[in-house]
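Shown next, in structure tokens, is the structure this report addresses.
Read-outs throughout are calculated quantities, based only on the coordinates presented, and are distinct from any laboratory measurement. Please read these numbers as outputs of a predicted model, since none were measured by experiment. For neighbour counting, all protein chains shown are included, and Cβ atoms are generated from backbone atoms with ideal geometry for every residue, glycine included.
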């Protein structure tokens, strides 16, 4: 028998490969949102556009996607966060009210400072799903070769349509994050059965619950994951009955 046949399996590398595959679950969704912004940039005729979403505690907004007129800008802003307090995007996220301004004075200047851009006209639209505000979309400046005319009613209407579509993408993004969290935790717990904790130490942040999505759906999925197939089918039937009884267009109480 060869020495290779007696060599113990490299579980650590295999587990790392599986964790990396889980990390990539969100990539197709982000790519889809980037394509949406690329199209939106042409429809609204703006130079810069981005989608920002809240961090885990909701005190800051971070860039999820950014499409820009100059190379390198997206890489810069993707490492930035904008405080909700004292910023236009924070105001729009907190209130759900769209803002369109020229030469804004009260906005977070760090983005311009770090990117070298100069915000002249600014349109910020909330991304809303039902009663939940998922994030904001920003549209900044006209292309350099065009007059910096203010965003008009047509631009505002187009931004509403774009954010309606972005809301679908962000719900999909949330679901992908949630799926990644659930599977990462399950992978970690399974690996603990036959891999030492010292070998798993580098994977613990991936399975951490510190920044997990805490929503009713997340709680339901967490509980469902621990149930048998028969129990899951019973829960699905119960939810179907409740959904049928409490349809939004049939509130009779």
- Message: For a protection proxy built on the mean count of beta-carbon atoms within 10 angstrom, sort 187-193, 50-56 highest first, please.
- Response: 50-56, 187-193
- Extension gain, residue 55 back to residue 200 (0.36 nm per residue minus Cα-Cα distance, nm): 49.5 nm
- Note on the structure: So, with points 7 Å from each Cα along the Cβ direction, the residue 179-residue 11 label distance in nm works out to 2.7 nm
- Note on the structure: Here the residues of segment 16-57 lying in the modelled label zone of residue 148, meaning backbone nitrogen under 16 Å from a point 7 Å along Cα-to-Cβ, are 46-49
- Note on the structure: So residue 243 and residue 98, fully extended at 0.36 nm per residue minus their Cα-Cα distance, gain in nm 49.0 nm
